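*Asks:* Can you keep this structure in mind? I'll have questions shortly.
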Amino acid sequence: MTHATTPAPGAGLAAYGSDPRPGRMPHTPADPPRRPPRHAATGRRLPPLAPVGSLRRSVQLFRAFTVEQTDPAYFYGLLALDSVREASRWCDLDGATMVDVGGGPGYFADAFTEAGARYAGIDPDAGELERRGTVAGNTLRASGLALPVADDVVDLAYSSNVLEHVPDPEAMVEEMVRITRPGGTVVLSWTPWLSPWGGHETAPWHYLGGRRAADRYARRHGHRPKNDFGRSLYDCSIARMLTWLRAAERDGRVETVEVLPRYHPAWARWLIRVPLVREVASWNAVVVLRVR
């Protein structure tokens with residue numbers, strides 16, 4: 001079995017062969033990668049992305065979401081392209097040094113590298129890293145709670161759908177802020193616990209309790225769920241992360257760029273401002289920070 005090698009803590013991006021570039025500032029949105037990756041199973045190109053902020057984009061992503069388990073190459077490939085386009089709204093990716101916390105098997109690595117980013121992925125799960133057969137280049141096996149990266153060296157710290165899988169999400173965000181240079185960008189997205197998919201494969205039974213839902217899954221399938229509440233899945237609400245954000249802003253360490261529901265059309269983004277409603281209706285939340 002192939003494993004990525006983890007450099008010593010504090011080794012910084014030199015461990016990846018990267019070249020931090022202090023002084024880079026966020027820029028205008030870039031186009032998505034010029035050559036969309038091919039679908040792993042069929043060899044076909046992924047479909048063009050629907051326009052930013054449109055209802056058609058929301059429908060496209062939700063339809064892809066329905067085949068996450070049966071066709072992960074399609075879902076994660078399309079989501080990676082959309083993530084590049086979204087991230088480019090807040091950070092000029094061309095030449096930017098970035099760390100992707102929870103980068104997985106390489107779909108995001110392909111898309112961000114094609115967009116011009118100097119990409120390094122970090123993931124603690126060897127199974128995820130090897131899901132496509134080999135570990136993607138510039139990828140490390142390490143914990144998001146103790147990133148093996150020096151302080152203040154990346155232009156972009158990015159994480160998609162990881163916060164709900166760590167027992168201390170605030171500690172992970174602190175690590176991402178630590179490695180990001182002043183003026184750099186932190187982009188986080190995660191599935192709030194009370195959203196329809198908060199329990200992941202145990203949904204919607206998670207509304208009756210996370211442990212109860214996981215136990216029910218085990219009885220029905222003969223094994224524990226991959227996303228097992230209290231072990232690999234946790235209650236991470238939007239309110240919890242906004243509480244951390246307000247404290248970090250008061251300390252003068254970060255400023256908020258944007259908070260929005262990730263998959264919703266632009267006209268529905270208002271719901272992220274409504275307590276409780278946002279926990280259920282957002283499905284997936286995004287927080288964008290600028291480090292001071």
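*Asks:* With a 10 Å radius around each residue's Cβ, average the other Cβ atoms per peptide and rank 225-237, 102-114, 242-254, 272-284, highest first. Please list the in-between numbers first.
*Replies:* Details: 225-237: 18.8, 102-114: 24.0, 242-254: 13.9, 272-284: 16.2.
Sorting 225-237, 102-114, 242-254, 272-284 by mean packing, highest first, produces 102-114, 225-237, 272-284, 242-254.
*Asks:* Sticking with this structure for a sec: Can you work out ³J(HN,Hα) from phi for every residue in region 109-119, in order, using Karplus 6.51 cos²θ - 1.76 cosθ + 1.60 and θ = phi - 60°, giving whole Hz and x for Gly and Pro?
*Replies:* Once θ is set to phi - 60°, the couplings for region 109-119 become 4, 4, 5, 5, 5, 4, 7, x, 6, 8, 9 Hz.
*Asks:* If I histogram all Cα-Cα distances within region 44-119 using bins 5 Å wide from 0, what percent of pairs lands in each bin?
*Replies:* Distribution as computed: 3, 16, 26, 25, 18, 11, 2 percent.
*Asks:* What ranking do 171-182, 80-91 get when scored by the average of other Cβ atoms within 10 Å per residue, highest first?
*Replies:* In decreasing order of mean packing, 171-182, 80-91 become 80-91, 171-182.
*Asks:* Here's another thing I want to ask about it. If you count only protein heavy atoms with a 1.4 Å probe, what accessible area per residue comes out for region 173-292, rounded to a whole Å²? Walk me through the intermediate numbers first.
*Replies:* On the way: 5350 Å² over 120 residues.
Averaged over the residues of region 173-292, the accessible area is 45 Å².
*Asks:* Please work out whether region 113-246 counts as rounded, prolate or oblate from its C-alpha gyration tensor, where a ≥ b ≥ c are the square roots of the eigenvalues and a/c under 1.5 means rounded, while otherwise a/b larger than b/c means prolate and anything else oblate? Please report the intermediate quantities before stating the final value.
*Replies:* On the way: a/c = 2.52, a/b = 1.50, b/c = 1.68.
Because a/c hits 1.5 or more and a/b fails to exceed b/c, region 113-246 counts as oblate.
*Asks:* Which cross-chain or sequence-distant (5 or more) residues have an amide H under 5 Å from the amide H of G183, H modelled 1.01 Å from N in plane?
*Replies:* It is V291, R292, by chain and number.
*Asks:* I'd like the carbon and sulfur percentage of the solvent accessible area for region 95-230, probe radius 1.4 Å, heavy atoms only, ligands and nucleic acids excluded.
*Replies:* Numbers: 2470 of 4670 Å².
Carbon plus sulfur share of accessible area: 53 percent.
The values are calculated or read from the model by the stated rules, or taken from the named source; none is laboratory data. If you're wondering where the values come from, they're calculated on a predicted model, not measured in any experiment. For neighbour counting, all protein chains shown are included, and Cβ atoms are generated from backbone atoms with ideal geometry for every residue, glycine included. Surface areas here come from the heavy atoms of the whole protein model, side chains and all, with no ligands, DNA or RNA. Shrake-Rupley method; radii C 1.70, N 1.55, O 1.52, S 1.80 Å.
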